[in-house]
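Since the structure comes first, as structure tokens, the remarks are kept for the end.
Nothing in this text is a laboratory measurement; each read-out follows from the coordinates by a stated rule. This is a predicted model, so every value here is computed, not measured. Cβ atoms come from the backbone with ideal geometry, glycine included; neighbour counts cover every protein chain shown.
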Amino acid sequence: MKLASRMSRLGTETAFEALARAKALEAQGRSIVFLGIGEPDFDTPEHIIDAAKDALESGFTHYTPSPGIPAVREVIAADMSARLGYQASASNVIVTPGGKPIMFFTILALAEAGDEVIYPNPGFPIYESMIRFAGATPVPMQLREELDYNPNIDELRSLVTPRTKLIIINSPNNPCGSVIPEKDLEAIAALANEVDAVVLSDEIYKDFYFEGEHVSITKFPGMRERTVVLDGLSKSYAMTGWRVGYGVFPEPLVEPVSRLMTNSVSCTAGFSQIATIAALESSQEPTRAMVAEFRQRRDVIVGGLNALPGVRCRVPKGAFYTFPSIAGTGLSSQEFEHRMLADAGVSLLSGTAFGAGGEGYVRISFANSVANIEEALRRMERVLAG
Ligand SMILES: Cc1ncc(COP(=O)(O)O)c(C=O)c1O
């Protein structure tokens, strides 16, 4: 069968394949510690599950309007306004099945052949994949360890051209755990205004801070009109499988993105949308408790990684990932990933799963218990010392 040529431009997220490989080994009886997973290992809080059950029983089993149930869009707008630095309107909110469609639809709606899109590298792999799929030119913005995995603003300035259509930022960052300093957000905002570029600000980890508080680029002048904010429930409420994401869009994008929703998935599941109200309007204590637990795990993993021969690890400020350099082990990133799975029974991801800029690094998720993290560190030490 001959596929459409556009399919050759579509990448993937290899995390899903790595997980399948590790699960297959586990099914054969091997003991595996999973540090490759990009989702909280917590359960969805009970009151959110109850809200979804009530919604199912009261008939939220049908199509909803493509951009979302109006009352849900209102609650999301109110929740996000507190962070964005302006009063978001429900009419600018679109609810999608997970946060990923926000990037998919934004890139499809804006970028085409001849356009350039700047994206973080290392970064979430779907950005580059979608930019290529849309026929636009991906322009990697290198995140460097020396800068705590943040963009160098002078370098970014040199990447911006009159063809720059979109600048993608992600803070806190997957895979590096970095947080873009406020002064750099301000500089990026000024650049976007200067060249009339749209910004896609992926803020899905906005609750996962180990120091400081979340700042959105939307608070800077001119940004409300040119920023798409990507957010959702997946990480903050341990709800990856519920598929609830949402975006706040500048006015001109609302109708086109709603049309993309109608053309692709029609709408987000109604009961998942209703559960969103419970997630956002009730106590945020479960999220705070989860982040406090992640902070402890971060300290264990960073200390342990820095004690391994050939490994060097910075302290992540947010999200739940570390991105240690493994160059000193003499292994490539892929070799390190494969060796750790095969010989240590530890599942983690090669830095190159996040773009060419990830060579020399691996991503380790600390979405696992302290006991399991300590076990993984012992196993890795045995392999690296042997
Ligand atoms: C940076 C980033 N953005 C977006 C997403 C997508 O989240 P969702 O599962 O809600 O589609 C992820 C998930 O891993 C992510 O890491």
Pair residue 146, residue 211: separation of 7 Å Cα→Cβ label points (nm): 2.1 nm
Net charge of neighbours whose Cβ lies under 9 Å from the Cβ of residue 245, counting Lys and Arg as +1 and Asp and Glu as -1: +1
Unsatisfied cross-links (Cα-Cα over 30 Å) in the set 2/23; 53/219; 100/183; 53/317; 2/235; 165/206: 2/23; 53/219; 53/317; 2/235
The chain: antiparallel DSSP beta bridges as a percent of all, rounded to 5: 45 percent
Axial C-alpha extent at least 30 Å, average Kyte-Doolittle at least -1.0 - helices from the chain (DSSP): 285-306
Debye equation applied to the C-alpha atoms of the range 254-340, log10 I(q)/I(0) at 0.16, 0.17, 0.19, 0.20 Å⁻¹: -0.81, -0.82, -0.87, -0.92
Cβ-based net charge around residue 197, under 14 Å, with every Lys or Arg adding one and every Asp or Glu removing one: -1
Expected 222 nm ellipticity per residue - DSSP helices of 4 or more, -39500 (n - 2.57), all of the chain, to 500: -12500 deg cm²/dmol
Efficiency of FRET from Cβ geometry, residue 4 and residue 137, R₀ 22 Å, rounded to 0.05: 0.65
Low-density loop cleavage sites - GluC sites (Glu not before Pro) in the range 184-264, where at most 13 other Cβ are within 10 Å (DSSP): 211, 213, 225
Electrostatic dipole magnitude of the chain [Cβ: Lys, Arg +1; Asp, Glu -1; Cα centre; debye, to 20]: 820 debye
DSSP bridge orientation in the range 101-185 - percent antiparallel, rounded to nearest 5: 20 percent
Per-peptide average of other Cβ atoms within 10 Å, ordering 260-269, 104-113 highest first: 104-113, 260-269
Full-stretch length increase - residue 78, residue 163 - with 0.36 nm per residue and alpha-carbon distance subtracted: 27.1 nm
Charge sum, other residues only, whose C-beta stays under 13 Å from residue 166's C-beta, Lys/Arg counted +1 and Asp/Glu -1: -3
